[in-house]
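Peer 1: I have a structure here, written as C-alpha coordinates, and I will follow up with some questions on it.
The values are calculated or read from the model by the stated rules, or taken from the named source; none is laboratory data. The shown structure was predicted, so the numbers you read here are calculated from the model rather than taken from an experiment. Here the Cβ positions follow ideal geometry from the backbone for every residue, glycine too, while neighbour counts run over all protein chains shown. Ligands, DNA and RNA are excluded from the accessible area calculation, which covers all protein heavy atoms including side chains. Shrake-Rupley method; radii C 1.70, N 1.55, O 1.52, S 1.80 Å.
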Amino acid sequence: QETRMGFKSIVFAPSNSNVVYAGTCLERNQVDQNIAIENNTPGLGIMKSIDGGISWQNANDINSAKQNINMLAVDPANPDIVYAATLQSGVLKTTDGGKSWKPINQGLTHTDIRSVSLDPKHPEIILAGAENGGTFISSNGGATWQSSSNGLDIQASIHSIVFDPTNSQIVFAADIQSGVFRSEDGGKIWIRINTGLRTRAVTSMAISADGTILYAATQGEGVFRMELGVYPK
(Lines give C-alpha, C1' and ligand atoms only; values in the text may rest on other atoms or scores of the structure.)
Protein backbone atom coordinates (compact mmCIF):
# COMPACT_ATOMS: atom_id res chain seq x y z
CA GLN A 1 0.00 0.00 0.00
CA GLU A 2 1.51 3.30 -1.11
CA THR A 3 1.51 5.99 1.53
CA ARG A 4 1.17 9.56 0.30
CA MET A 5 1.67 12.57 2.57
CA GLY A 6 0.71 16.18 2.16
CA PHE A 7 0.35 19.40 4.12
CA LYS A 8 -3.25 19.59 5.30
CA SER A 9 -2.94 22.70 7.46
CA ILE A 10 -0.75 25.79 6.98
CA VAL A 11 -1.28 28.70 9.38
CA PHE A 12 0.41 32.05 9.95
CA ALA A 13 0.72 33.34 13.49
CA PRO A 14 -1.72 36.28 13.67
CA SER A 15 0.70 38.33 15.77
CA ASN A 16 3.78 37.64 13.61
CA SER A 17 3.36 36.80 9.94
CA ASN A 18 6.95 35.55 9.72
CA VAL A 19 6.00 32.57 11.87
CA VAL A 20 4.23 29.79 9.97
CA TYR A 21 3.26 26.28 11.06
CA ALA A 22 2.43 23.40 8.71
CA GLY A 23 0.92 20.03 9.62
CA THR A 24 1.39 16.87 7.57
CA CYS A 25 -1.29 14.25 7.01
CA LEU A 26 -1.97 11.22 4.87
CA GLU A 27 -3.51 11.82 1.46
CA ARG A 28 -7.23 12.57 1.83
CA ASN A 29 -8.67 9.35 0.40
CA GLN A 30 -6.52 7.24 2.68
CA VAL A 31 -7.83 9.11 5.69
CA ASP A 32 -11.43 8.95 4.51
CA GLN A 33 -11.13 5.19 4.07
CA ASN A 34 -9.67 4.87 7.58
CA ILE A 35 -6.48 3.32 6.19
CA ALA A 36 -4.40 5.43 8.55
CA ILE A 37 -6.36 4.36 11.60
CA GLU A 38 -6.61 0.67 10.69
CA ASN A 39 -2.92 0.37 9.85
CA ASN A 40 -1.73 2.92 12.41
CA THR A 41 0.14 4.64 9.59
CA PRO A 42 2.35 7.39 11.03
CA GLY A 43 2.44 10.93 9.75
CA LEU A 44 5.35 13.37 9.75
CA GLY A 45 4.09 15.79 12.37
CA ILE A 46 4.61 19.54 12.23
CA MET A 47 7.01 21.90 10.46
CA LYS A 48 7.73 25.55 11.30
CA SER A 49 9.08 28.58 9.47
CA ILE A 50 10.28 31.81 11.10
CA ASP A 51 10.94 33.65 7.83
CA GLY A 52 7.50 33.62 6.24
CA GLY A 53 7.87 30.21 4.59
CA ILE A 54 11.27 30.67 2.90
CA SER A 55 12.85 27.97 5.06
CA TRP A 56 11.39 25.26 7.30
CA GLN A 57 12.47 23.36 10.37
CA ASN A 58 11.10 20.35 12.21
CA ALA A 59 8.86 21.43 15.11
CA ASN A 60 8.26 18.10 16.83
CA ASP A 61 8.92 16.11 19.96
CA ILE A 62 8.09 12.48 20.70
CA ASN A 63 4.38 13.29 21.06
CA SER A 64 4.01 14.97 17.67
CA ALA A 65 6.69 13.51 15.41
CA LYS A 66 4.55 10.71 13.96
CA GLN A 67 1.17 12.41 14.07
CA ASN A 68 -1.21 12.98 11.18
CA ILE A 69 -2.30 16.61 11.63
CA ASN A 70 -5.80 17.60 10.55
CA MET A 71 -5.65 21.26 11.59
CA LEU A 72 -3.52 23.80 13.45
CA ALA A 73 -4.55 26.94 15.34
CA VAL A 74 -2.17 29.61 16.66
CA ASP A 75 -2.90 31.86 19.63
CA PRO A 76 -3.76 35.34 18.24
CA ALA A 77 -1.35 37.11 20.62
CA ASN A 78 1.42 34.54 21.14
CA PRO A 79 3.08 32.80 18.17
CA ASP A 80 4.57 30.14 20.47
CA ILE A 81 1.18 28.78 21.57
CA VAL A 82 -0.27 26.36 19.02
CA TYR A 83 -2.98 23.70 19.07
CA ALA A 84 -2.89 20.67 16.76
CA ALA A 85 -5.93 18.56 15.91
CA THR A 86 -4.71 15.04 15.19
CA LEU A 87 -6.14 12.04 13.37
CA GLN A 88 -5.76 9.60 16.26
CA SER A 89 -4.44 11.37 19.35
CA GLY A 90 -6.91 14.15 20.10
CA VAL A 91 -5.47 17.64 20.57
CA LEU A 92 -1.82 18.53 21.17
CA LYS A 93 -0.61 21.88 22.52
CA THR A 94 2.74 23.64 22.49
CA THR A 95 3.64 26.74 24.50
CA ASP A 96 7.26 26.94 23.34
CA GLY A 97 6.91 27.27 19.59
CA GLY A 98 6.91 23.57 18.78
CA LYS A 99 9.86 22.38 20.85
CA SER A 100 7.54 20.29 23.01
CA TRP A 101 3.93 19.15 22.64
CA LYS A 102 1.51 17.95 25.30
CA PRO A 103 -1.72 15.95 24.80
CA ILE A 104 -4.67 17.92 26.21
CA ASN A 105 -7.54 15.45 25.99
CA GLN A 106 -9.25 15.50 29.38
CA GLY A 107 -12.99 15.36 28.62
CA LEU A 108 -12.63 14.50 24.92
CA THR A 109 -14.54 11.33 24.08
CA HIS A 110 -13.17 11.15 20.51
CA THR A 111 -9.54 11.15 19.41
CA ASP A 112 -10.08 11.87 15.68
CA ILE A 113 -10.24 15.68 15.86
CA ARG A 114 -10.78 17.33 12.48
CA SER A 115 -10.90 21.01 13.44
CA VAL A 116 -9.77 23.37 16.18
CA SER A 117 -10.39 27.11 16.50
CA LEU A 118 -9.65 29.78 19.10
CA ASP A 119 -11.90 32.62 20.23
CA PRO A 120 -10.05 35.65 18.77
CA LYS A 121 -11.01 37.84 21.75
CA HIS A 122 -10.49 35.20 24.45
CA PRO A 123 -7.97 32.64 23.17
CA GLU A 124 -8.29 30.48 26.27
CA ILE A 125 -11.71 29.52 24.83
CA ILE A 126 -11.29 26.80 22.20
CA LEU A 127 -13.69 24.81 20.07
CA ALA A 128 -12.73 21.45 18.60
CA GLY A 129 -14.66 19.39 16.05
CA ALA A 130 -14.55 15.59 16.08
CA GLU A 131 -15.19 12.99 13.39
CA ASN A 132 -18.60 11.49 14.24
CA GLY A 133 -18.46 13.26 17.60
CA GLY A 134 -19.72 16.82 17.26
CA THR A 135 -18.04 19.79 18.96
CA PHE A 136 -16.18 20.15 22.24
CA ILE A 137 -15.42 23.36 24.10
CA SER A 138 -12.65 24.34 26.50
CA SER A 139 -12.64 27.54 28.53
CA ASN A 140 -9.18 27.03 30.05
CA GLY A 141 -6.75 26.68 27.16
CA GLY A 142 -7.49 23.01 26.58
CA ALA A 143 -6.90 21.81 30.16
CA THR A 144 -10.42 20.34 30.18
CA TRP A 145 -13.13 19.83 27.55
CA GLN A 146 -16.85 19.23 27.52
CA SER A 147 -19.26 18.28 24.75
CA SER A 148 -20.97 21.28 23.15
CA SER A 149 -23.15 19.81 20.40
CA ASN A 150 -26.67 20.96 21.22
CA GLY A 151 -28.50 21.31 17.88
CA LEU A 152 -26.02 19.25 15.85
CA ASP A 153 -26.72 15.80 14.44
CA ILE A 154 -25.87 12.98 16.84
CA GLN A 155 -22.77 11.90 14.91
CA ALA A 156 -21.78 15.20 13.31
CA SER A 157 -18.31 15.30 11.74
CA ILE A 158 -17.12 18.87 12.19
CA HIS A 159 -14.38 19.67 9.68
CA SER A 160 -14.31 23.45 10.09
CA ILE A 161 -15.06 25.98 12.83
CA VAL A 162 -14.78 29.77 12.45
CA PHE A 163 -15.43 32.58 14.90
CA ASP A 164 -16.88 35.89 13.76
CA PRO A 165 -13.90 38.27 14.20
CA THR A 166 -16.19 41.14 15.21
CA ASN A 167 -18.28 39.17 17.74
CA SER A 168 -16.80 35.93 19.01
CA GLN A 169 -20.11 34.79 20.46
CA ILE A 170 -21.09 34.09 16.85
CA VAL A 171 -19.49 30.88 15.59
CA PHE A 172 -19.97 28.71 12.50
CA ALA A 173 -19.40 24.96 12.27
CA ALA A 174 -19.42 22.75 9.17
CA ASP A 175 -20.63 19.17 9.41
CA ILE A 176 -19.37 17.17 6.42
CA GLN A 177 -22.70 15.31 6.39
CA SER A 178 -25.32 17.99 6.98
CA GLY A 179 -23.93 21.40 6.16
CA VAL A 180 -23.33 24.60 8.11
CA PHE A 181 -24.51 25.54 11.59
CA ARG A 182 -24.43 28.86 13.44
CA SER A 183 -24.17 29.56 17.15
CA GLU A 184 -25.01 32.85 18.88
CA ASP A 185 -23.66 31.83 22.30
CA GLY A 186 -20.06 30.89 21.63
CA GLY A 187 -20.75 27.33 20.49
CA LYS A 188 -23.17 26.02 23.11
CA ILE A 189 -26.30 25.83 20.89
CA TRP A 190 -26.19 25.35 17.11
CA ILE A 191 -28.77 26.22 14.43
CA ARG A 192 -28.63 24.89 10.85
CA ILE A 193 -28.20 27.57 8.12
CA ASN A 194 -28.22 25.76 4.78
CA THR A 195 -30.44 28.00 2.63
CA GLY A 196 -28.89 28.12 -0.84
CA LEU A 197 -26.23 25.53 -0.01
CA ARG A 198 -26.79 22.82 -2.64
CA THR A 199 -24.05 20.55 -1.32
CA ARG A 200 -23.95 19.71 2.37
CA ALA A 201 -20.40 18.28 2.28
CA VAL A 202 -18.60 21.41 3.52
CA THR A 203 -14.91 20.78 4.09
CA SER A 204 -13.65 24.26 4.99
CA MET A 205 -14.93 27.74 5.80
CA ALA A 206 -13.57 31.28 5.96
CA ILE A 207 -15.08 34.55 7.12
CA SER A 208 -14.30 38.09 6.01
CA ALA A 209 -12.39 40.35 8.41
CA ASP A 210 -15.48 42.50 8.96
CA GLY A 211 -17.67 39.48 9.70
CA THR A 212 -20.10 40.16 6.84
CA ILE A 213 -19.42 37.25 4.45
CA LEU A 214 -19.01 33.53 5.15
CA TYR A 215 -17.39 31.27 2.53
CA ALA A 216 -17.95 27.51 2.44
CA ALA A 217 -15.83 25.15 0.34
CA THR A 218 -17.56 21.90 -0.63
CA GLN A 219 -16.77 18.51 -2.06
CA GLY A 220 -18.02 18.57 -5.65
CA GLU A 221 -19.63 22.00 -6.07
CA GLY A 222 -16.92 24.52 -5.37
CA VAL A 223 -17.33 27.47 -3.01
CA PHE A 224 -20.53 29.07 -1.70
CA ARG A 225 -20.87 32.44 0.03
CA MET A 226 -23.41 33.77 2.49
CA GLU A 227 -23.94 37.42 3.36
CA LEU A 228 -24.19 37.60 7.14
CA GLY A 229 -25.59 41.10 7.39
CA VAL A 230 -29.08 39.62 7.83
CA TYR A 231 -28.08 38.36 11.30
CA PRO A 232 -28.09 40.77 14.25
CA LYS A 233 -24.76 41.11 16.08
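Peer 1: Just check the stretch 60-127 against the gyration tensor rule for me: Cα atoms, a ≥ b ≥ c as the square roots of the eigenvalues, rounded for a/c under 1.5, and otherwise prolate or oblate depending on whether a/b exceeds b/c. Mind showing how you got there, number by number?
Peer 2: On the way: a/c = 1.88, a/b = 1.18, b/c = 1.60.
Because a/c hits 1.5 or more and a/b fails to exceed b/c, the stretch 60-127 counts as oblate.
Peer 1: Accessible area per residue for the stretch 176-233 in Å², computed with a 1.4 Å probe and the full protein assembly in place, what is it?
Peer 2: Numbers: 3150 Å² over 58 residues.
It amounts to 54 Å² per residue over the stretch 176-233.
Peer 1: Accessible area of the stretch 32-149 with a 1.4 Å probe: how many percent of it is carbon plus sulfur?
Peer 2: On the way: 2510 of 4980 Å².
Percent of accessible area from carbon and sulfur atoms in the stretch 32-149: 50.
Peer 1: Ok, one more. Roughly how many nanometres apart are two label points built 7 Å out from the Cα toward the Cβ at residue 140 and residue 106?
Peer 2: About 0.6 nm separates the two model spin labels.
Peer 1: Full extension from residue 55 to residue 155: what is 0.36 nm times the residue separation minus their Cα-Cα distance, to one decimal in nm? Numbers along the way, then the final one.
Peer 2: On the way: separation 100, 0.36 × 100 = 36.00 nm, distance 4.03 nm.
Stretched fully, the residue 55-residue 155 segment lengthens by 32.0 nm.
Peer 1: Please give the direction-averaged projected area of the C-alpha convex hull for the chain, in square nanometres with one decimal.
Peer 2: On the way: hull surface 48.2 nm².
Average projection, Cα convex hull of the chain: 12.1 nm².
Peer 1: Run the simple label-point estimate for residue 132 and residue 191 please: 7 Å along Cα→C-beta, distance reported in nm.
Peer 2: 3.1 nm
Peer 1: I want to check the label-to-label distance for residue 78 and residue 169. Put each point 7 Å from Cα in the C-beta direction and report it in nm to one decimal.
Peer 2: It works out to 2.7 nm between the two label points.
Peer 1: Using a 10 Å cut-off on Cβ atoms, rank the peptides 216-223, 184-191 from the highest mean neighbour count down.
Peer 2: On the way: 216-223: 14.4, 184-191: 18.0.
Peptide ranking by packing, descending: 184-191, 216-223.
Peer 1: Along each of its three principal axes, how wide is the spread of alpha-carbon positions in the stretch 111-233, in whole angstrom units, largest first?
Peer 2: Its Cα atoms span 38, 30, 19 Å along the three principal axes.
Peer 1: Now for a separate question. Just how large is the dipole of the chain about the Cα centre, in debye to the nearest 20, putting +1 at every Lys and Arg Cβ and -1 at every Asp and Glu Cβ? Please list the in-between numbers first.
Peer 2: Details: 17 positive and 21 negative charges, 18 e Å.
That gives the chain a dipole magnitude of about 80 debye.
Peer 1: Go through 114, 192 and list them by solvent-accessible area, largest first, probe radius 1.4 Å.
Peer 2: Details: 114 15, 192 120 Å².
Ranked list, largest accessible area first: 192, 114.
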